[in-house]
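The values are calculated or read from the model by the stated rules, or taken from the named source; none is laboratory data. None of the values given here were measured: they were computed from a predicted structure. Every residue, glycine as well, gets a Cβ built from its backbone with ideal geometry; the counts of neighbours run over all protein chains shown. Remember, those area values only see protein heavy atoms, side chains included, never the ligands or the DNA or RNA. Shrake-Rupley method; radii C 1.70, N 1.55, O 1.52, S 1.80 Å.
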Amino acid sequence: MASEEQNESTITQAPFGKTPDGREATLYTLTNKNGVTVKITNYGGIVASILAPDKAGNIEDIVLGYDQVYGYIPNDPYFGALIGRFGNRIAKGKFYLDGKEYTLATNNGPNHLHGGPAGFHTVFWDVEELPQQNALKLTYTSQDGEEGYPGTLTTTVVYTLTDDNSLLIAYEATTDKPTPVNLTNHSYFNLSAGKTQDVLSHVATIDADRYTVVDDSFIPTGELRPVADGPMDFTSPKVIGTEIEDVEGNGYDHNYVINDYDGSLKKIASVYEPTSGRVLEVESTLPGVQFYTGNFLNGSLTGKGGQVYIQRAGFCLETQDFPDAPNQPSFPNTILRPGEIYKATTVYSFSTREK
Ligand code: BGC
């Protein structure tokens, strides 16, 4: 129980049910001295719950997901999951690297999405508890050829819950052959903890003057278009629902190009929910962020506590490299080579304000 007496951070484990092949999943609970709690399972490295206070001090769950691991199979929306090797899309599941063509598993029309059907969101990660840091270190070794990718890729993801109510996600990967890498986390937030059934009244800010324009299968055309003053513009705080119907396509599902990207950790976005007063701030070292408003949710999934996930029940801020970068020479490089270390850090911070 969260109370003022709790001044220790803790890590505990509990069974989280079985996958259809009979493997037991474990749910790890990180709690900090303020009673903020993050629950993570070794299946898919999924963030299953984030319990954070509203402005009155009520600690409630602000991410979409399920009570048991079987809810996550299949996890078509990628609720809370670690995504790899390559987040977002690779056109037609093909790319050339050092003169050779590679063919990946496709799972989104003609395209490869979020690492493929058996991507990192579907695997069991090894978990090491790091009680000193109030952290979990997840490790997964992806074999040469997995989902069509070259090289053995070893990935570690450290989830740390800090005493200033931040969830820090530190990604690292190494390879024995050149391979594309673009790791992210696919948490869906609803800062009202489900009291507003969708996130249209949340107020978002994204530090990006441009976004990557996509075709009708969500593949970038290569153009970086100014957000100008139109519906895509979140350079100053805007209620998500205000112009969503004017967005090309089905709502927000776009990669924003972070301003003044230099690889350092800096604030890239924030979201405020007026009724709860909750604020989410996002910092990242990465050049892009996919702002996705859960457009493909349609009320067919029932999650934690019987909550029905209607369209736009949650939003994602998936920090990332640019979609389809292996096929887009003008985009920042996403090829990891032997001897190099892929490193990225993203921090989600939870606070409140009165107005
Ligand atoms: C993509 C969406 C996709 C969703 C899956 C997002 O990252 O951009 O197009 O439908 O993931 O839940």
Taking protein heavy atoms only, a 1.4 Å probe, and rounding to whole percent, the accessible area of segment 105-246 owed to carbon and sulfur comes out at 49 percent
Computed over segment 100-162, protein heavy atoms only, probe 1.4 angstrom, the accessible area per residue in square angstrom equals 38 Å²
Can you quote the Å³ per residue value for the convex hull of the Cα atoms in segment 216-272, rounded to an integer?
113 Å³
Compute from the Cα atoms of segment 80-143 the Rg and the Dmax, the latter being the longest Cα-Cα distance, and quote both in angstrom.
14.9, 46
Can you compute the label reach from THR154? Point 7 Å from Cα along the Cβ direction, backbone N cut-off under 16 Å, restricted to segment 330-345.
337-343
For segment 129-269, just the Cα atoms, rotate onto the principal axes and tell me the three extents in Å, largest first.
45, 40, 31
Place the peptides 112-121, 328-337 in order of packing, highest mean first, counting for every residue the other Cβ atoms within 10 Å and averaging per peptide.
112-121, 328-337
Sorted peptide list for 195-208, 94-107, criterion being average Cβ within 10 angstrom, highest first
195-208, 94-107
Place a label point 7 angstrom from the Cα of ASP215 along the Cα-to-Cβ direction, then list the residues of segment 309-351 whose backbone nitrogen is under 20 Å away.
322-332
If you wrap a convex hull around the Cα atoms of segment 245-334, how much volume per residue is inside, in Å³?
154 Å³
Could you rank GLU147, GLU129, GLU273 by how accessible they are, 1.4 Å probe, largest area first?
GLU129, GLU147, GLU273
With only alpha-carbon atoms counted, please give the Rg and Dmax of segment 1-159, in Å.
17.9, 62
Test item: Cα-centred dipole of segment 10-352, Lys/Arg +1 and Asp/Glu -1 on Cβ, debye
540 debye
Which of ILE50, GLY151, SER236 sits closest to the plus end of the dipole of the chain, meaning its Cα is farthest towards the positive end, when Lys and Arg get +1 and Asp and Glu get -1 on the C-beta?
GLY151
Pull out the extension gain between THR103 and GLN143, defined as 0.36 nm times the separation in residues minus the alpha carbon to alpha carbon distance; nm, one decimal.
12.9 nm
Zone residues, segment 290-319, relative to ASP246, backbone N less than 16 Å from point 7 Å out along Cα-to-Cβ:
none
Stokes-Einstein D in µm²/s, Kirkwood radius over Cα pairs - segment 1-84 at 10 °C with 1.306 mPa s viscosity
116 µm²/s
Scattering from the C-alpha atoms of the chain alone, worked out with Debye: what is log10 I(q)/I(0) at q = 0.10, 0.14, 0.15 1/Å?
-0.57, -1.18, -1.38
Expressed in angstrom and rounded, the centroid-to-centroid distance over alpha carbons for segment 215-237 and segment 79-150 is 26 Å
